[in-house]
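K.L.:
The following block contains the structure, expressed as structure tokens.
Each value in this text was obtained by applying a stated rule to the coordinates, not by laboratory testing. Just so we're clear, the structure is a prediction, and the values are computed from it rather than from any experiment.
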Amino acid sequence: MPDIFDEVEEDLRAERAARFWQRFGGLIIGAALLAVLGVGAWQGWGWYQQRQVAAAAASYLAAERDAATPGADLKAAAERFAQLGRDAAGGYRALARLRAAALKAETGDREAALALWDQIARDSAVDPLYRDLATLLFVLHSLDAPGADPAALAARIAPLTGPDSPWRASAQEVAALVALKRGEREQARRMLQALAEDVTAPQGVRGRAGRIAAGLGS
């Protein structure tokens, strides 16, 4: 299922970027205003937090830029993000850890990537939005891992498929892939067909679900 993995991850990256801006855009704008207006009017803890966020934003964006450079050493980039995941302020810490895991997976170290996603998912200090994303990625990349337990993966992804989950559509798609892995072909087809007909789901998810469902029905 490598092609499906690539498509799902592309959609997840787009969703993550949108949700990140919704959650942290105000802080980034605040940091920019701080730079424009000067620090004289900013005092105390709030000023310190803004500076920490601004520094974390700069470090994270620089790491992203360098990792995207043609010919970049992605293994070194993964370690750079891992370090940011230990040092960065606020939401950037979780984002850096997620990025480190993605790069480890991309460079062939799936075991390390799965371990990191699992750590993030179980870390109560991490925002639930990113814990759930880590769970989603853990399950997705565990599907064809040696020794993977499809029943355990099904139990782990199930809470993310409910109507209140911000990752609902993607989680439902992954849950269908888990069902397929368990040999439940017809169940997987029904789940994917329902997702394809869900007008509230992202268009990319709906289209992909429809294609897979059609293939399973043939």
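K.L.:
Please report the spacing between the Cα centers of region 193-218 and region 166-185 in Å, no decimals.
P.N.:
Comparing the Cα centres of region 193-218 and region 166-185, I get a distance of 12 Å.
K.L.:
Right, something else. Mind listing P(r) for region 73-218? All alpha-carbon pairs, 10 Å bins, whole percents.
P.N.:
Binned Cα distances yield the sequence 12, 37, 33, 16, 2, 0.
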